Each structure stands twice: as structure tokens, then as C-alpha cells.
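As C-alpha cells, the structure follows; a few thoughts come after it.
What follows draws every value from the coordinates through simple rules; no lab data is involved. Predicted model, so just to flag it, every value in this text is computed and none were measured. Methodologically, a virtual Cβ is constructed for each residue, glycine included, from the backbone with ideal geometry; neighbour enumeration extends over all protein chains shown.
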Amino acid sequence: LGPDDGLLVIENLTKRFGGLTAVDDLSFAVEEGEILGFIGPNGAGKSTTFDCVTGTYRPTSGTVWYRGEDVTGVATHQLVGRGLARTFQSFRPLRDRSVVDNVRLALTPDRLFSLSGLRGTTRQRAVEMCERVGLGDRMHQTPSELPHAGMLRLELARALATDPDLLLVDEPFAGLAGSEVAELSDLFESLRAEGITLVVVDHNMRGLLSLIDRAVVIQFGAKIAEGTPEEIRDDPTVQEAYLGG
Ligand code: ADP
Ligand code: MG
């Protein structure tokens, strides 16, 4: 893999916490315009991989390329300014602010600088993002009034407010009912149709296979399979990992 092999290219990424190797020599590319599933059991290293890509952690070794540029260790706000956004698995909103204010606060000065047309219109954009994720009728409530699915939508609206080209979504389906999974999948499809490339994490591949174009499956921080949903489903190593887990 090289810098130009995808919109995002991760090469030989390793992250150690003391003696624990959370991400182990992981390499894969994200192609522009796709929805990539990033699948693995709990503790496999999915969130840590996102943390290394988006500037929360500096990787122990390895390289991250975005749009052909080495962005290893680049600060989160700079990556957001370049159109690389993520959601967090356990996102904590500001409890005493409204839903729409929580979205507005995601529009950092750095991002506004690179999107100068947005300056002064952040509230309007935040309102639009609330509507985009289906929270239009709840945007004046506080986050604690939202159901679980609403919290996930709020976190998505915060990421979308920064106008990403590539959006890394961490476990959006956790704890959702089937109908909510289907609704959220439709939303991801429409975001992709608008030109946003998506990486969607899940610890269980079942709900994800109908949504994604390709998947990368990891276990103990290392890649065990990569391919189309059919290839993943039929892969003996994947089946073993999930039966064993
Ligand atoms: P996943 O998102 O796939 O469930 P994580 O990336 O959260 O997995 O965690 C991978 C491994 O790294 C786990 O064993 C976890 O306990 C460990 N880990 C994650 N973050 C830290 C940290 N900050 N310090 C020490 N260990 C961590
Ligand atoms: Mg995780």
C-alpha cells in the first residue's frame, strides 16, 4: 500500500499500551466513495485505530495517509479542517445546552476558518444538521431528553456539521432496535450518495453486511479478512473468530 491507494491509507499501524498491543501492524485503504465496514469483536482495536487516525493517539509505529499526504500524528482539529471527521462510541454532550447548541459547538474555529462561508451562520448550519439526522423536532430539548437512538443521531449531526469528506463512525448500531438500524443505514446511504466516504464500525457483522461495499475484519488488533460482504461472510477465519468469541 502507498499514499495514493485510497482516500485514507493506513500502513503497518501499531499502537501499544505498555505491554498490550491494541493495534498490531494493521494495513488497509479506504476508497473514495465507499462505505467500508470495520468489524471486530469487543476489544479488537477498532476504536484505538480511529484514535490513531484522528489524532487522539500518536501511533507507536506506522503511517496514516489522507488524500495522499502523511497525516500521522496530525492534530484532530487540523484533520477536521481537512474534512476528516469521526464520531465517538461513548460521546458525552454538554447536558445544560440544547441539542442544536451541542451541534453548533462542534463547529470549531479552525474548521470555520477553512470554510469561511460558514462564519456567522453556524446556528443555521447546526439547525440544518439536526434536521438532516432526523432531530429537527427535538433540537431545543436537552440531550438527556433524547432516547438512545437520538443521542447517536446527535453525535452524527456534530460530525456532519464539520462538512466531512470522510466520516469514521464508531459503533452507531450498538443498542439499537432493528427498525432503528434500518433507518440509520438509510441515512448512511444518503450521506454516501452526497459524496461522503464512510467507515462504519461494528462488533457484530450481521447488521452491517447489507449496508457496506467492503469490510475489513480485525481480531486482537490485526487484520484477519478483507473483502466484499459475501467474501467476509464465507471466510473460515472470520467464522472461527466469531464462534470462538
Ligand atoms: P474496540 O473498539 O475494538 O472494542 P479498543 O480499541 O477500544 O477495542 O481496545 C483495544 C484494546 O486496547 C483493549 O484491550 C482495550 O482494553 C485496550 N485499550 C484501549 N484504550 C486503552 C488505553 N487508553 N490504555 C490502555 N489500554 C487501552
Ligand atoms: Mg470501540
The range 1-95: C-alpha gyration tensor shape, a/c 1.5 cut-off, then a/b vs b/c: rounded
Net charge, LEU36 excluded, C-beta distance under 9 Å - Lys, Arg +1, Asp, Glu -1: -2
Alpha-carbon Debye profile of the chain, log10 I(q)/I(0) at 0.07 Å⁻¹: -0.22
Separation between Cα centres of the range 1-65 and the range 195-223, rounded to whole Å: 13
Around PRO3: net Lys/Arg minus Asp/Glu count, Cβ-Cβ under 11 Å: -4
Cα-centred dipole magnitude for the chain, charges only on beta-carbon of K, R (+1) and D, E (-1), debye, nearest 20: 1140
Three-way shape call for the range 60-206 based on the alpha-carbon gyration tensor, with the a/c threshold at 1.5: oblate
